[in-house]
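Rule-based calculations on the coordinates, nothing more; no lab input. This is a predicted model, so every value here is computed, not measured. Don't worry about glycine lacking a Cβ; one is built from the backbone with ideal geometry, like all the others, and counts go over all protein chains shown.
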Amino acid sequence: MTTEEWDTLSEYQKSRINESLAQAEAGLGEPAEEVINRLRKKYGLSSKISEKDEIDAGEETDIEEGLKQADRGEVLSHEEVMSKYDKWRIK
């Protein structure tokens, strides 16, 4: 990733990328190179995006709004989400 690409990312995106790379380096997931490639595709930093990775305008709008909410700190913890939807979970 170039410095210019990195500078275009939100703090939330940078944080998630760093967390993913740390997990990969710790052996908890995929090799770091694969994590980097997946993140580049996810955040539009790769020029080689396959058709299956393309999203429509509505999805892009929803993603952008979600990223803005995350940047503002408007997020729920995993526990809060699981608690909210616990009645629909299979036990």
- How do 15-21, 70-76 rank on mean C-beta neighbours within 10 Å, highest first? 15-21, 70-76
- Item | R0 of 22 Å, Cβ-Cβ distance Glu64-Lys41: FRET efficiency to nearest 0.05 | 0.85
- Note on the structure: Most exposed first, judged by fewest Cβ atoms within 10 angstrom, Tyr85, Tyr43 run Tyr85, Tyr43
